[in-house]
Structures are given as C-alpha cells and as structure tokens.
Amino acid sequence: MKQVYVALSADFIHVGHLNILDKARGLGEVTVGALTDSAIATYKRLPLLTLEQRMLIYSNLKGVKSAIPQTTLDYTENLEKLRPDYVVHGDDWKSGPQSEIRQKVIATLSKWDGQLIEVPYSTGISASQLSAQIRSHGVTPQNRQSMLRRLLSAKPIVRILEVHNGLTGLIVENTILEKNGDRLEFDGMWESSLTDSTSKGKPDTSAVDVSSRVSTIDQILEVTTKPMIVDGDNGGLPEHFCFTVRTLERLGVSAVIIEDKVGAKKNSLFGTDVDQTQDSIEEFSDKISMGKKAQVTKDFMIIARIESLILGKGQRDAIKRAESYINAGADGIMIHSSSKDPKEVLDFCAEYKEKFSGVPLVVVPSTYAQVTEKELIEAGVKIVIYANHLIRSAFPAMTKTAESILEHGRCLEAGAACMPIKQIITLIPETFQ
Ligand code: SPV
Ligand code: MG
C-alpha cells in the first residue's frame, strides 16, 4: 500500500480539506500531520481546539490511518520519518509565504522518488474565515482562560497590551501588522489598575474598587476573545483575594498578578519617591497559597509580582522572594523595575533563568522601553506587558483636539486629526442581527 501524507491545522474541516483527503485516499494509506500549537503560533492565532482534539478529529476522517503531530511548518522531519510516496496539498501554496516550504517538500520527497500532488484550491471557503466567524460570536470562559497557558507553551514570548475599556479591548483584538511575511498581533490583554483608574479620572490608589474593576473587565471580555491578565494590585486581604480569584475565574480571566506591597496603594513607577511598604515574604507567600487553594479551575494562574527592585532592595531579596512565592504555588513571577536601563531586570532574569526556568517570568518594560522582545526572549522572559501605552497615546490626542476647538472657536481644524464620521459610526459593526 502506498503511503500518503497530508498536513492539517484547521479547527473546522470543510469541503476544501475533504477534496484533499479524497485525493489522498485514492492514492494510498493516509497519515495526517497535525500542526502543533507552536507551529501554528509562528504565523497565526492558535486554533480554538487543542492539538489532542484536532488529532482525534483528523484520525477519524474517512481513509485516514492515523494522525501524528507536525511540530514545525517545515515538513522535513515527518517526511524523513515516514518516507511517504505522496504528499497531497492544495495548489494555493505555489506563491506566497508557503512557497519555500513547498520547495523543501519537493526536494525532500525527491530523495526517495516521492511526489507532491496538488489539488485545485477550493475558492470561497477558508478555515481562517470560518474561525473568525465563530470567534465573532464570542468564546467560552473556559476556552479563553486556557488560552494563556497554551500560548505560553506555544510561543517564545507572549505579547500583552494594556486595555481599560471595550474599545481598547477591540484594538488588542483586531490590530494586525503584516511585516516581512509575518503576521504580528497581540496575544492578550492587561487590565491595568493604572489605566483603568486613569480612564475613570481617578488616581492609581485602589480608589477604583474591585466591583468597578470587575464590571470593566466584564465589559472588555464581552467584546473580545483574547486572553486577559488582570492587575490585582496587592490582592487585598487574603480572605478577600480568595473571592477575587473565583470571580475572575468565572469570567474567564486567565491570570491575576498580585504585588508584594502593603498599606496605602501607590503606583510602582513612583519608585522610592513615595512611601511604599513591601509585604513580608511569609505573609505574601500565605496570600498566594490561600489564593491557590481557593482556585477552582485548573488553568487559572496566580502570578506573584516582586517589588524589590522598585524599592531599592536589590536582586538578592528579589530572588529570595521568587523562591518563596514559587514554593507557595505561584504559577509565574513578575519582576518590576522603574530603572531607565534594562540591565537591572536583565541581571535578575539571568539568575532567574538558572534557578526557576520552568516558571514563566513576566516583565513590564515601561521605563526601560528600549529593550526589544528579541532581547527579552534571550533573557528567558515568557510574557511582556506593554502596560499603559493606549491611554498614554489617547490622552494627548484628545487634549490637543479640545485645545484646537478653543483656539479656533470652531471644530474644523480639530477635524483634521479626527476619524471621519462615517467611519466612527460604523467602527463597531452591529452584532446579533
Ligand atoms: C499597572 O499597569 O497598573 C501596573 C504596572 O501595575 S505599573 O503601572 O508599572 O506599576
Ligand atoms: Mg497596577
């Protein structure tokens, strides 16, 4: 029996895939290579279904002998292993970003006289469009929540941007940049205490209470599908933090980050300019373990934020705390710094990588903004949070507009920097029609 190989990544099997499989089945015994999350994450959003779920579906399709993981976009490893007589693929990859992969498939198959068979691409139907349509109807809390852990294991770094209302949520959801054949986008949202408070005209002092934060979080989740990390300030009293954990889990939030400070809340970026008191290692570790005990889902993450560098207590203190917080059950560590130089954080990262490499490390490069994602990946960082940039860019733009109207006694000049009216009234399409 001839051996045939077909690679698939889709959540939804449509007629296009069935055409390919039909062709493959006619040629021999079919093995499906299911692209893993990490292979898919190199060029698009993760599918809604996990690899295990997709493999189960693929292996139950008519004529398919088995499904195996394909860990890279490149077919070579699986082809060398299986040495199939044929690879079957749609003819859409002759041009565009996949054409290089195609060339490699042809070259690899030629080593044992294997052949690439191409099936005319089915126009008018696309798995990505179907996925986008399903996503436009929303996502279940469980599906969204588990996405952060899936991203952490699939991507070299998870890229998160600040949100403080539904509109900023939509920006994170929909902003895509095509660059050198890559499709760049944000993986998820940071519901920041600073920008949530600022957008309400209040200081970042926990004056915006948990109920208000939860209501904003819910509004953002209503119009988005990407995972959310919530800034939990210091978590409040441990007994209250347990309730917050469960509330966030019910909503489908993926993680909460709590900081090891006590007393009147001050924003960390004040550094040592204001009085800020760090919690004791014991008390904060207890808070983490109480939160972990309260947690009901398996995927939710409690990430401990260490303020030692902010408060001038140095790396030794920070590492000691990391160890204790991880032992208390923290699913990740955030190291914060208000230094203008990335060195302080990168030094911490180097020691952290040696000691706790399996536990995801989070950074917030607001002050040391020159650091690149590439450098952070090399340093072992798994989550980068751009914590306040949407509000910081929106506020000057809005102030300029207000000043322009005052200056000119009319709104004509201000209009030049504004979105056209037709565009703003159709910016948010009506749903549920
Ligand atoms: C926030 O965004 O609210 C944060 C990060 O906690 S920072 O403002 O840098 O403290
Ligand atoms: Mg905050």
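A short reminder: the numbers here are calculations on the coordinates, not readings from a lab. In this text, all values refer to a predicted model and were calculated from it rather than measured experimentally. No Cβ is skipped: glycine too gets one built from the backbone with ideal geometry, and neighbour counts run over all protein chains shown.
Could you check the spin-label model distance between Thr272 and Cys411? Points 7 Å from the Cα along Cα→Cβ, value in nm.
For Thr272 paired with Cys411, the spin-label model returns 5.0 nm.
If the only charges are +1 at each Lys and Arg Cβ and -1 at each Asp and Glu Cβ, what is the size of the charge dipole of segment 320-433 around the Cα centre, to the nearest 20 debye?
It comes to approximately 120 debye.
Which entries of Lys62/Lys226; Lys266/Lys287; Lys265/Lys343; Lys266/Lys293 show an alpha-carbon separation above 23 angstrom in the structure shown?
Lys62/Lys226; Lys265/Lys343; Lys266/Lys293
Cα-based Rg (one decimal) and Dmax (whole number) for the chain, in Å?
Using the Cα atoms of the chain, the pair Rg, Dmax is 24.8, 82 Å.
Rounded to whole Å and sorted largest first, what semi-axes of the equivalent ellipsoid does the C-alpha gyration tensor of segment 228-289 yield via the square root of 5 times each eigenvalue?
Numbers: eigenvalues 100, 41, 15 Å².
Taking √(5λ) for each Cα gyration eigenvalue gives 22, 14, 9 Å.
So between Ile425 and His14, what do we pick up on full extension, going 0.36 nm a residue minus the alpha carbon distance?
Values: separation 411, 0.36 × 411 = 147.96 nm, distance 3.48 nm.
Here the answer is 144.5 nm.
Once you compute Rg and the Kirkwood Rh from C-alpha atoms, what is the Rg to Rh ratio for segment 349-433? Walk me through the intermediate numbers first.
Numbers: Rg = 21.2 Å, Rh = 17.1 Å.
Across segment 349-433, the Cα-based Rg/Rh ratio is 1.24.
Quick one: work out Rg over Rh on the C-alpha atoms of segment 137-387, Rh as Kirkwood radius. Walk me through the numbers before you get to the answer.
Numbers: Rg = 16.8 Å, Rh = 18.1 Å.
Reported Rg/Rh (Cα atoms, Kirkwood Rh): 0.93.
Averaging over all projection directions, find the projected area of the Cα convex hull of segment 290-433 and quote it in nm² with one decimal place. Can you show the working numbers first?
Values: hull surface 57.7 nm².
Here the figure is 14.4 nm², rounded to one decimal.
Taking the 0 to 90 degree range and rounding to the nearest ten, how far is the long axis of helix 343-356 tilted relative to the main principal axis of the chain, both from C-alpha atoms?
Approximately 60 degrees, to the nearest 10.
Roughly how big is the chain's charge dipole about its Cα centre, with Cβ charges of +1 (Lys, Arg) and -1 (Asp, Glu), in debye to the nearest 20?
Computed charge dipole of the chain: roughly 940 debye.
On full extension of the chain, what length is gained from Met398 through Ile171, given 0.36 nm per residue of separation minus the C-alpha to C-alpha distance?
Going from the current span to full extension adds 80.0 nm.
Points 7 angstrom from Cα along the Cβ direction at Ala132 and Val296: gap in nanometres?
3.7
If you take the square roots of the eigenvalues of the alpha-carbon gyration tensor of segment 393-432 and sort them as a ≥ b ≥ c, do you get rounded (a/c under 1.5), prolate (a/b over b/c) or oblate? List each step's numbers first, then the result.
Working: a/c = 3.69, a/b = 2.01, b/c = 1.84.
It comes out prolate by the Cα gyration axes.
Once the convex hull of the C-alpha atoms of segment 3-129 is built, how many Å³ does it hold per residue, rounded to a whole number?
Taking the convex hull of the Cα positions in segment 3-129, it is 95 Å³ per residue.
Roughly how tilted is helix 210-222, in degrees to the nearest 10 and between 0 and 90, from the longest Cα axis of the chain?
Tilt relative to the chain: about 20 degrees.
Dipole of the chain (Lys/Arg Cβ +1, Asp/Glu Cβ -1, origin at the Cα centre): which of Leu56, Leu269, Ala394 lies farthest to the positive side?
Highest projection toward the positive end goes to Leu56.
So how tilted is helix 238-251 from the main axis of the chain? Cα-based, degrees 0 to 90, rounded to 10.
Value to nearest ten degrees: 40.
Report the longest stretch of the chain that contains none of the chymotrypsin sites (Phe, Trp or Tyr not before Pro) sitting in a DSSP loop with at most 15 other Cβ atoms within 10 Å. If you can, show how the numbers build up before the last one.
Working: sites that count: Tyr43, Trp112, Phe432.
Formally, the longest exposed-site-free interval is 113-431.
Using r as the Cβ-Cβ distance of Glu52 and Glu239, and R0 as 35 Å, what FRET efficiency do you calculate, to the nearest 0.05?
For Glu52 and Glu239, the calculated efficiency is 0.40.
Report the charge-dipole magnitude of segment 167-284 in Debye, nearest 20, computed about the Cα centre from +1 at each Lys and Arg Cβ and -1 at each Asp and Glu Cβ.
320
Please identify the trypsin sites (Lys or Arg not before Pro) of segment 296-384 that satisfy two criteria: DSSP loop assignment and at most 11 other Cβ atoms within 10 Å. Which are they? Could the numbers behind the result be given before it?
Numbers: sites: Lys298, Arg305, Lys313, Arg316, Lys320, Arg321, Lys340, Lys343, Lys353, Lys355, Lys374, Lys382; in loops: Lys298, Lys313, Lys340, Lys382.
Sparse-neighbourhood loop trypsin sites (Lys or Arg not before Pro): Lys298, Lys340.
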